[in-house]
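Computed from the coordinates by the stated procedures, all read-outs in this text should not be read as laboratory data. In this text the structure is predicted, and so the values were computed from the model without any measurement. FYI the Cβ positions are ideal-geometry reconstructions off the backbone, even for glycines, and counts take in every protein chain you see.
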Amino acid sequence: MTVLAEQLGQKGFACTLLQSIAVPAEAYDRMRDQYRVQALLEATRQAAAGRVLGVTEVDLYAEGLNFVFGMAESPGRAAVVSVARLRFEADEAVFAARMLKEAVHELGHALGLAHCRHSKCVMYFSNTLADTDHKGADFCGGCRARLAALRLDLG
């Protein structure tokens, strides 16, 4: 996680690594063998003051979806990313790139950004790993403009 924190810092997100928190037992859905992302968002929100990103190894889902790479309050304080599916057929470099993209994406939601229609923008919706691999790790010009309008310039 140190590498991710450093990469996020280079993107303009100030990061402090916190102690690990337990995955809430009530988040687990035995029928799906997955965890409800909303429960992890709540636990993450309670873990610290200010904006907080939780990173987990467990496979997440949201109602109506087979899985999610992550989720955030939009706008809000808490965001969660799961690395469970990001490791699939990935060497360390691909895994690190996927993790960074999904972390920046969810933090973008926490800042108030919606999904973007530009497939190279980090705010593009990733329905598959191919989508994540295709998009970049940076905000497009339109998303940067929206951040600037919110007075949240990230470099």
Using the Cα centre of the chain as the reference point, and only Cβ charges (+1 on K/R, -1 on D/E), how large is the resulting charge dipole? Debye, rounded to the nearest 20. 560 debye
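Quick check: net charge around residue 48, other residues with Cβ under 15 Å of its Cβ, Lys/Arg +1 and Asp/Glu -1? The partial results should precede the final answer.
Working: positive: 45, 51, 77; negative: 42, 73.
In short, +1.
Between residue 127 and residue 18, how high is the FRET efficiency from 1/(1 + (r/R0)^6) when r is the Cβ-Cβ distance and R₀ = 30 Å? Nearest 0.05.
Working: r = 30 Å, r/R0 = 1.01.
FRET efficiency, residue 127 to residue 18: 0.50.
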Could you size up the charge dipole of region 37-118 around its Cα centre, putting +1 on the beta carbon of Lys and Arg and -1 on that of Asp and Glu, and report it in debye to the nearest 20? 300 debye
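Taking every pair of alpha-carbon atoms in region 2-114, give the share separated by more than 25 Å as a whole percent.
Beyond 25 Å sits 16 percent of the P(r) for region 2-114.
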Quick calc, region 56-98, dipole around Cα centre from Cβ unit charges on Lys, Arg (+) and Asp, Glu (-), nearest 20 debye, gives 120 debye
If we count every other residue with Cβ under 10 angstrom of residue 94's Cβ, Lys/Arg +1 and Asp/Glu -1, where does the sum land? -2
Antiparallel %, DSSP beta bridges [both residues in the chain], to 5: 45 percent
Can you grab the distance from the C-alpha centre of region 77-155 to the C-alpha centre of region 25-48, Å, no decimals? 21 Å
